[in-house]
1. Quick one: 137, 289, 185, 230, fewest Cβ neighbours within 10 Å first, how do they rank?
2. Highest mean first, what order results for 92-105, 141-154 on Cβ atoms within 10 Å?
3. May I ask you to order 234-243, 269-278, 35-44 by the average number of other C-beta atoms within 10 Å around their residues, highest value first?
4. Sorted from fewest to most neighbouring beta carbons within 10 Å, what does the list 228, 254 look like?
5. Take peptides 165-175, 194-204, 8-18 and line them up by average Cβ neighbours within 10 Å, highest first, as a rough protection proxy.
């Protein structure tokens with residue numbers, strides 16, 4: 001299929017881009033990597049009058065140190081996040097998750113801002129932004145604002161951006177010293193969207209869990225933090241019983257849908273499986289860091 005007729009503008013700055021968005025009265029879309037937008041456009045799943053290309057906007061591409069964390073520009077490509085030393089050193093769980101994003105050709109073009117804005121609950125980056133307590137920086141005609149990842153994702157493929165706003169960067173605060181991590185997902189084929197996936201960050205102090213974070217994807221209408229499971233772990237020794245209880249709590253928290261890739265019951269079962277695997281990996285890494 002071919003897209004419906006549309007207008008196109010190449011923005012030269014953030015103000016230029018947001019002004020163009022505002023001029024379209026809610027009928028405009030940002031074009032960055034286009035890895036989700038263009039197929040949806042061709043299938044006429046996207047109906048817009050104007051596409052605002054931001055690839056020439058300066059200052060939106062790059063990874064900068066921000067204290068013990070990072071600021072990642074919205075135009076930063078997936079493959080750069082996957083391979084950057086700063087990401088691998090400070091947020092290895094994010095680098096690991098990026099290896100599961102589609103295929104290399106997609107990762108070479110897809111952007112972090114585009115993935116977050118697309119808000120697909122089965123995609124890796126939205127779940128990683130929740131796991132890592134990201135702040136999403138936003139620009140609009142009236143100025144900038146920031147939202148936590150928890151407030152950014154509203155519903156499947158729906159975010160909290162106003163029609164005239166765009167994501168400019170993502171800020172990741174530093175992880176606890178010596179934290180372990182785990183990431184796992186189940187997909188029918190390498191590169192497919194996850195049927196179920198999970199990431200975990202876990203810190204230990206005197207043999208007990210001092211901080212636990214668990215995020216899930218593909219098993220809820222948005223990416224999900226398993227807060228009940230996290231609370232079960234904090235203050236306790238991460239033995240098999242504690243990890244089993246946390247995995248069960250995460251499984252009980254999800255509300256998956258039936259689709260052609262798997263039933264709701266199957267996805268719910270997988271949620272518990274991938275959370276247990278990531279917890280095992282995180283505990284092992286945290287203990288290794290403590291030696």
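1. Numbers: 137 18, 289 13, 185 24, 230 21.
Ascending number of Cβ neighbours within 10 Å: 289, 137, 230, 185.
2. Values: 92-105: 19.1, 141-154: 15.4.
Result, highest mean first: 92-105, 141-154.
3. 269-278, 35-44, 234-243
4. Final ranking by Cβ density, sparse to dense: 228, 254.
5. 194-204, 165-175, 8-18
Read-outs: derived from the displayed coordinates by stated rules, not from any lab. Bear in mind that the values here come from a model prediction, so they are computed numbers and not experimental data. As a convention, Cβ positions derive from the backbone with ideal geometry for all residues, glycine included, and neighbour counts pool all protein chains shown.
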